[in-house]
Amino acid sequence: MKQARRLDNAPPYLFVEIEENIKKAQEKGIDVINLGIGDPDLPTPDFVVDKMVEALRNPQYHCYPEYDGCIEFRAAVADYYKRRFHVTLDPETEVVALLGSKEGIAHIFFALVNEGDFTLVPDPQYPVYQLATSLTGGVPYPMPLRKANGYFPDLSVIPGEVVKRSKIIFVNYPNNPTGAVADLDMYQEIVDFAAKNDIVVCNDNAYSEFTYDGVTAPSLLQAEGAKEIAVEFHSLSKSYNMTGWRIGYAVGNREAISKLKKMKNNIDSGVFTAIQVAAIEALKNGDGFVREMREIYLRRRNMAVAQLQKLGWDFETPKGAFYVWVKVPLDMDSKSFSRLLLDKTGVVVAPGSGYGECGEGYFRISLTIKDEKLLEAFERIRHIRY
Ligand SMILES: *Cc1c(COP(=O)(O)O)cnc(C)c1O
């Protein structure tokens, strides 16, 4: 069967490929430790599950949900943004519920980008920004995130012709995969750049709650003038261990939110209301739980850092998210290194090239694994013979 031309541009999703390699290794009898995908290993907190069980019994929630999310959910998001970031949002016009933030991130490109338009996307990056651009027929223009620049894009080197034809500039802090955290000055610089050039600026803030060493992640919407031009994507997946539930939200500029709603209304029919009701509970009463999770990731980060130092491998201690971004220690590309590691030790890491050209030469370790398993992975790696 011939596929649509737009699909020709889309490589297989990175983690689908990794899953296949894992399956093959397991068939060969290899005991796999997966440090590849960033999927929290611990369960959703009981108080959220309990609310879901109760909500499931309410027949009112069994019908089609409201397209944009129920007003109670959107109000809970606004309350959360007020409390957490001191940002005021109008639940009616500046908040929309998403079927996980990945869905909204993909659809904003469909709402704003025409064939031939550019989008400015980070490299390395969560692959969706680039793939969604390609699916719309737009052209992703990678902004290299370099260690020397603190993994922030250098906006001054983007060619004027590209800027002129760009519709969206997308960033992601706290950053997957590098662990970099943006401060408000950096967001201000991007908002000013976007405003000057009439480009919508988006931040993917899925990891806002996971920062370490006294760093707190701001919201892009705290920058002055952000509401004129900015959208922020957020998710319950990472903060409350809810990746399987599929609920997130977009907030910010009302025009951009309204175009995203229009796109979505033609494609999906909203988030199961019972899930929204459980999510409200998480947003309202989840601060203590998030604090505990942050402690757990900090402990694992420190363990991984100590192990990597022992190996003498080149990396930077991440200030945010739950990944460590490490230089490939051998003279080979990142995919070959990941394959080698899997074959010799059963340890899965995510090859940096899956995150963009600038990711080549690196790999990503995820801290979403039990302490013992994390230590065992390093134990196996220490005994590897090349
Ligand atoms: C995990 C992750 C998300 C969250 O995706 P959901 O669809 O909300 O589960 C978004 N952005 C990045 C960078 C992520 O790593």
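Data table
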{"read-out": "Nearest-20 debye value, the chain charge dipole, Cβ charges on Lys, Arg, Asp, Glu", "value": "680 debye"}
{"read-out": "Geometric extent, Cα atoms of the range 204-332 - Rg, Dmax (angstrom)", "value": "18.3, 53"}
{"read-out": "Quotient of Cα Rg and 2.2 N^0.38 Å for the range 133-197, N being how many residues it contains", "value": "1.15"}
{"read-out": "Alpha carbon centroid spacing (whole Å) that separates the range 72-127 from the range 180-213", "value": "13 Å"}
{"read-out": "DSSP-assigned coil residues among chymotrypsin sites (Phe, Trp or Tyr not before Pro) in the range 1-90, each with at most 13 further Cβ atoms within 10 Å", "value": "Y13"}
{"read-out": "Calculated from backbone phi, Karplus (6.51, -1.76, 1.60) coupling profile of the range 236-241 in Hz, x at Gly/Pro", "value": "8, 3, 8, 4, 10, 6"}
{"read-out": "Positive minus negative residues near A180 (Lys, Arg vs Asp, Glu; Cβ under 12 Å)", "value": "+1"}
{"read-out": "Reachable lysines, given that their alpha-carbon falls under 28 Å from the alpha-carbon of K344 and they are not under 8 places away in the same chain", "value": "K23, K24, K28, K310, K327, K335, K370, K373"}
{"read-out": "Ratio Rg/Rh [Cα only; Rh per Kirkwood] for the chain", "value": "0.96"}
{"read-out": "Pairs of lysine residues in the range 46-285 - Cα separation under 13 Å, sequence separation of 8 or more or cross-chain", "value": "6"}
{"read-out": "Environment charge at Y80 (Cβ cut-off 10 Å; Lys +1, Arg +1, Asp -1, Glu -1)", "value": "+2"}
{"read-out": "Centre separation in Å (Cα based) which lies between the range 319-386 and the range 256-318", "value": "21 Å"}
{"read-out": "Loop-located GluC sites (Glu not before Pro) in the range 60-116 whose Cβ has at most 13 other Cβ within 10 Å (DSSP)", "value": "E92, E115"}
{"read-out": "Span from the the range 37-58 Cα centroid across to the the range 141-169 one, whole angstrom", "value": "39 Å"}
{"read-out": "Helix-only CD estimate at 222 nm, as mean residue ellipticity for the chain, using -39500 (n - 2.57) per DSSP H run (n ≥ 4)", "value": "-13000 deg cm²/dmol"}
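Since every read-out is calculated from the coordinates, none of them should be taken as a lab result. Given the structure is predicted, the values throughout are model-derived calculations rather than measurements. All Cβ positions, even for glycine, are placed from backbone atoms using ideal geometry, and neighbour counts span all protein chains on display.
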